[in-house]
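Undergrad: Pasting in a structure now, in structure tokens, and then I'll have a few things to ask.
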Amino acid sequence: MAAFTFNKLVIFGVGLIGGSLARALRERAGLAGRVVGVGRSAQSVARAVELGVIDEAVALDDDVALSRALQGADIVLLAAPVAQTQPLLARIAPFLEAQTLVTDAGSTKSDVVAAARATLSERVAQFVPGHPIAGRESSGVDAALPDLYVDRNVVLCPLAENAPEAVERIAAMWRVTGAAVHTMSEAQHDRVFASVSHLPHVLSFALVEQILEAPDAQLKFSFAAGGFRDFTRIAASSPEMWRDVCLANRAALLAELDAYTDVLARFRAAIDASDGAALEAAFARSRVARTEWQERGGKKIPGDPAAK
């Protein structure tokens, strides 16, 4: 396992994910490299400077400051909603130096890879797609934690053009935060996370939406308790982020929604027919599977926002 050090890390989007990486590198790993945060305006990342998460705040539309920020950068992290990946890559491409590696924290990967190929062209080897599987209901740099990634998974989706040492360098960065690093193709990533992350978020949002549309919504909310809280916890996630995820992973997510609808239809038919045996058998299978997952350490593999 290679040791990780850095001279300059530039983070686009210093919120929960980017801020937690910066804090982990500094506070958990004890690294002293310079961290620059880039936001839509310098003011939008000023809070991160105030908290000591980053050393310098730069506005995205300031050519001079952005060029200076990227000069000598070891690594660039894009920690913004996935729909912003292509515009951000296009923005930094003119200032990107040959030794700089770029990675991301997006919850989808096929669209991100396509964006990198379209914007970086022959320099796409500098881009190592990534996805830290960690999150909280809270967002923004104030929610950033130095131990957010401890015992969590990070997925890298290396490109054919990536040098092995480039992939290892990004993997080493995540490992010093306490994360376990895995690799898979971007297509496999999107199929897997459509099932275990993107679909649960859609279902959580959908249940809240269903209750909101009921004439007695306030009465229902007033009696909601543990089951509702547990099921809808992730509906507190960023609407902007999850809008982008749903659209970016449209095909895989639609397939999962169709499969889930088929299961709901079976459950509905069993309830309509008062078929308790069918319901109990299905519930028992689910209980066993859920228990086995939990015993394997499922707590460490959340489907939260990146859970994005």
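Undergrad: Test of understanding: ordering K8, K220, K109 by Cβ neighbours within 10 Å, fewest first, what list do you get? Provide the component values of the computation, followed by the final result.
TA: Working: K8 19, K220 14, K109 26.
Exposure proxy ranking, most exposed first: K220, K8, K109.
Undergrad: For the charge dipole of the chain, defined by +1 on Lys and Arg C-beta atoms and -1 on Asp and Glu C-beta atoms about the Cα centroid, which residue among G227, V124, A259 has the Cα displaced farthest towards the positive pole?
TA: Among G227, V124, A259, the one farthest towards the positive end of the dipole of the chain is G227.
Undergrad: Ok, one more. Can you give the local net charge around L101? Use residues other than it whose beta-carbon is closer than 13 angstrom to its beta-carbon, Lys and Arg +1, Asp and Glu -1. Write out the running numbers ahead of the final one.
TA: Numbers: positive: K8, R123, R169; negative: D74, E97, D104, E161, E165, E168.
Residues close to L101 contribute a combined charge of -3.
Undergrad: Could you line up L148, L247, L78 from fewest to most neighbouring Cβ atoms inside 10 Å? Don't skip to the end; give the middle numbers.
TA: Working: L148 23, L247 13, L78 28.
Least to most surrounded, the residues fall as L247, L148, L78.
Undergrad: Could you work out the pair-distance distribution P(r) of segment 189-300 from its alpha-carbon pairs, with 5 angstrom bin width and percents rounded to whole numbers?
TA: For segment 189-300, the pair-distance distribution reads 2, 10, 14, 18, 22, 20, 11, 3, 0.
Undergrad: Of all DSSP beta bridges located in the chain, what percent are antiparallel, nearest 5? Don't skip to the answer; put the middle values down first.
TA: Numbers: 4 of 27 bridges.
Approximately 15 percent, going by the DSSP bridge assignments.
Undergrad: Now for a different question. Let me have the 222 nm mean residue ellipticity of the chain computed from DSSP H runs of 4+ only, each contributing -39500 (n - 2.57), with the sum over all residues rounded to the nearest 500. Numbers along the way, then the final one.
TA: On the way: 13 runs with 141 residues, N = 308.
Value at 222 nm, helices only: -14000 deg cm²/dmol.
Undergrad: Can you sort I11, I271, I75, I170 from fewest to most other Cβ atoms within 10 Å of each residue's own Cβ? Please report the intermediate quantities before stating the final value.
TA: Details: I11 27, I271 12, I75 21, I170 24.
Ordered by Cβ neighbours within 10 Å, fewest first: I271, I75, I170, I11.
Undergrad: Right, another one. Starting from the Cα gyration tensor of segment 41-162, multiply each eigenvalue by 5, take the square root, and state the resulting semi-axes largest first in whole Å. Write down the numbers at each step before the final one.
TA: On the way: eigenvalues 104, 83, 31 Å².
For segment 41-162, the semi-axes come out at 23, 20, 12 Å.
Undergrad: With an 8 Å cut-off on Cα pairs and a minimum separation of 6 or more residues, tell me the relative contact order of segment 1-159 in percent.
TA: About 27 percent, as a whole number.
Undergrad: Another question, if that's okay. Can you compute 3J(HN,Hα) from phi for each residue in segment 257-267, using the Karplus curve 6.51 cos²θ - 1.76 cosθ + 1.60 with θ = phi - 60°, rounded to whole Hz and x for Gly and Pro?
TA: 4, 5, 5, 5, 4, 4, 5, 4, 4, 5, 5
Undergrad: Normalised by the residues of segment 189-300, what does the relative contact order come to in percent, with Cα pairs under 8 Å and at least six apart?
TA: Working: 39 pairs, mean separation 36.1, N = 112.
Reported as a whole number, the value is 32 percent.
Undergrad: Using the Karplus curve 6.51 cos²θ - 1.76 cosθ + 1.60 with θ = phi - 60°, work out ³J(HN,Hα) for each residue of segment 183-197 in order, rounded to whole Hz, and write x for Gly and Pro.
TA: 10, 7, 6, 5, 5, 5, 3, 5, 5, 5, 7, 4, 7, 9, 10
Every number here is computed from the coordinates shown, using simple stated rules; none is lab data. Keep in mind that this is a model prediction, so the values were computed, not measured. Note: ideal-geometry Cβ built from the backbone for every residue, glycine included; neighbour counts use all protein chains shown.
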